[in-house]
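The values are calculated or read from the model by the stated rules, or taken from the named source; none is laboratory data. Treat the numbers as computed from the prediction; the structure is a model and nothing was measured. We place every Cβ from the backbone using ideal geometry, glycine too, and count neighbours over all the protein chains shown.
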Amino acid sequence: MKKDLLAINDFNREEILALFEKSEDLKEKRQKGIQHLPLKGKTLGMIFNKHSTRTRISFEVGMFELGGHALFLTGDQLQLNRGETIRDSAQVLSRYLNGILIRTYDHQEVVALAEHASIPVINGLTDFNHPLQILSDIFTIKEKLGHIEGVKVAYVGDGNNVAYSWMTGASLMGMNLVIACPKSLKPNPAPGLGDHGNVEIVEDPFEAVQNADVIYTDVWISMGDEEDTEKKKKLLLPYQINQKLVDSAKKDVLVMHCLPAHREMEITSEVLDGEHSIVFDQAENRLHVQKAILETLLLS
């Protein structure tokens, strides 16, 4: 039976920990130059209706390094944007490919694609969530701190798709998550949360970062929300990750940002390039975790 990754809780806690073990092994193999080609002869179709740097490049490189091939497909290259149903497209793609990655706006489009495809479907990002990012981020935290359970993450900023995925991920993996955001941007409780960790939503960013092991932020203006730029900037200015906020957390707090970053908006360059930042280690780990996901799903 095929398995999809549409949201983090499509994997249970034990499956995620196994995924992290595989990620560690794949990262070590890459660093040592050990060839590992379990996906030789496999092909991944990558549908992108939203722009991407890290998701596209890491999946293309990941498939290549695992011995497979990735096809980059934009909406204007497919019949989906000319009226072909998702059901028909899913069935055709399933005859050609071994897996589908889709990065788009409407989460229900991804759900429908997975429902009608007979091959694994991976959510590369929707307006509702971003499971690949948070799985990679939790792996990075485990790598840096040596453990996951009990870690306190302070998410500061917009209650967006990344915040939703953090709610599910933290709950599932026994982490303590405090989201600090304006009341009007507060995320609603995500469906299907796990029951291992604790999720709290507050308005004061300084309250959120007290005793935090990790301070996390994302862009304030997501793709498709550009018309709200000035309104959101005014609302979110008190939630900027700057040195004053970092100094209010633990002395050894880690700072994370899923990128791309708008420097001097949601985070200052002083912090992004500072001693607490693990942002670029975090970005690198997208490759290793996604390779583990590909190997797991495409060989299942």
Exercise for the section: Might you check whether a residue that is more than 24 Å from residue 259 (Cβ to Cβ) and over 22 Å from the mean Cα position of the chain (by Cα) occurs anywhere in region 44-66? Expected result: no
Fill in the blank from the handout: Looking across region 23-74 at residues that are part of a loop (DSSP other than H, G, I, E, B) and among the hydroxyl-bearing types (Ser, Thr, Tyr), the single one that is farthest from residue 118 (Cα to Cα) is 53
Completion exercise
Of the candidates 36, 51, the one satisfying the condition of being under 30 Å from residue 173 (Cβ atoms), assigned by TED's automatic domain parsing to the domain that holds residue 289, at pLDDT below 95 and surrounded by fewer than 19 Cβ atoms within 10 Å (Cβ to Cβ) is 51
Handout entry: Meets criteria (β-branched (Val, Ile, Thr), outside the structural domain of residue 160 (by TED's automatic domain parsing) and exposed (fewer than 13 other Cβ atoms within 10 Å of the Cβ)) for residue 85
Key = yes
Handout entry: Members of region 75-131 that are outside any helix (DSSP H, G or I), farther than 30 Å from residue 158 by Cα and at pLDDT 95 or above
Key = 97, 98, 99, 117, 118, 119, 120
Practice task
Inspect region 231-248 for any residue being outside any helix (DSSP H, G or I) and on the phi > 0 side of the Ramachandran plot and give the result as yes or no.
Solution key: no
Practice task
Looking for whichever is among the aliphatic types (A, V, I, L, M), at pLDDT 95 or above and part of a loop (DSSP other than H, G, I, E, B) here; the options are 219, 289, 255. Which one fits?
Solution key: 219
